[in-house]
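Everything on this sheet refers to the single structure shown next.
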Amino acid sequence: SSSTARAEIVTSNGAFLMRTALEYAKTFGIPVADHCEEITLAHGGAMHEGIVATRLGLKGIPAAAEEIHVARDCILSELTGGHIHLCHMSTRGSVELIRRAKAKGLKVTAEVTPHHFTLNHESCEGYNTNAKMNPPLREPEDVEALREALKDGTVDVIATDHAPHHYDAKEREFDDAPNGILGLETAFGLAVTELVKPGLIPLPDLLFRMSTRAAQIYNLPGGTLAIGAPADVAILDPDTVWTVDPARFYSK
């Protein structure tokens, strides 16, 4: 099919294209951000490949589809000396590859989303399309690995991957529903509840990973209280208890 042909073309040229991008971006001192998905493995998948997908009769996306791409990017970072930033990591295998790359001193940084360190593929039970996203929600062991990676610094940044959809768009068969979940308005609350309150990371570290570290990676002027810096300040009360109410969201 034409989609398969496109997948083969992208895959065959992907490593060369990424090498070129890394070399080019290196001259400007900027990172290349990558969504890691080996599309010939992921093509047609609707959720994580595992026992839940089997039970629901849905085609799965294996963890290897992400990990193969992560391994390739780490190798190309070493080859070029370029900075690769790995977006929304979701598997324990990816965490190990990133940890190994950092131990070698490679210019590799990574991020994880609140939904990937709080939810797993069991949320898709009952064909719940609100839990359909890309990369997909993985297994409980992956969630634990992502939390540990945040704790030990293997993962640098918490990013929302904010991708809201209107109710009508999600209210359809699982295979046909769009990927994505709202992230921006719940990210800080989830992180405080799931990471800070249990003692996994301290509050200053959470703030660092949601602002300062991201600005450092992308060479942006934000994320600091320095004199003359942009006054992009948010005032938050981590002790406030609130209940998520979709009707009050500002986004879709």
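Given a 1.4 Å probe, how much area per residue of the chain is accessible, in Å²?
53 Å²
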Quiz item: Taking amide hydrogens as modeled 1.01 Å from N in the peptide plane, which residues meet the under 5 Å criterion relative to Lys59, leaving out close sequence neighbours?
Solution: Ala46
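Share of the chain's accessible area from carbon and sulfur, percent, 1.4 Å? Numbers along the way, then the final one.
Numbers: 7720 of 13280 Å².
Taking all protein chains in place, the chain shows 58 percent carbon and sulfur surface.
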Quiz prompt | With 5 Å bins from 0: P(r) over the range 55-184, alpha-carbon pairs, percent | solution = 2, 11, 20, 21, 19, 12, 8, 4, 2, 0
Quiz prompt | Neighbourhood charge, 14 Å Cβ-Cβ cut-off, centred on Pro238 and excluding it, Lys, Arg +1 and Asp, Glu -1 | solution = -3
Practice problem: Past 24 Å, Cα to Cα, is the threshold; run Lys26/Lys104; Lys26/Lys151; Lys59/Lys132; Lys107/Lys151; Lys102/Lys197; Lys102/Lys132 against it and keep the listed order. | Solution: Lys26/Lys151; Lys102/Lys197; Lys102/Lys132
Quiz item: Of the peptides 117-129, 76-88, 16-28, 225-237, how do they stack up when ordered by the mean number of other Cβ atoms within 10 Å, highest first?
Solution: 76-88, 117-129, 16-28, 225-237
Exercise. Send over the semi-axes of the range 60-126's equivalent ellipsoid, whole angstrom and largest first, taken as the square roots of 5 times the C-alpha gyration tensor eigenvalues.
Key: 26, 12, 9
Quiz item: Using +1 on the beta carbon of Lys and Arg, -1 on that of Asp and Glu, and nothing else charged, what's the dipole of the chain about the Cα centre, debye to 20?
Solution: 580 debye
Quiz item: Any idea what Rg and Dmax come out to for the range 105-145 if you just take the C-alpha atoms, in Å?
Solution: 12.3, 44
Quiz item: Evaluated at 4 °C with a viscosity of 1.567 mPa s, what Stokes-Einstein diffusion coefficient in µm²/s does the range 173-252 have when Rh comes from the Kirkwood expression over alpha-carbon pairs?
Solution: 86 µm²/s
Practice problem: Measure out, as a whole number of angstrom, how far apart the alpha-carbon centroids of the range 192-252 and the range 51-99 sit. | Solution: 26 Å
Quiz item: Once the mean 1/r over all distinct Cα pairs of the chain is inverted, what Kirkwood radius in angstroms do you read off?
Solution: 19.3 Å
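The values are calculated or read from the model by the stated rules, or taken from the named source; none is laboratory data. Here the structure is a predicted model, which is why all the values come from computation and not from measurement. Here the Cβ is made from the backbone with ideal geometry for all residues, glycine too, and neighbour counts use every protein chain on show. With ligands, DNA and RNA removed, areas are computed over all heavy atoms of the protein, side chains included. Shrake-Rupley method; radii C 1.70, N 1.55, O 1.52, S 1.80 Å.
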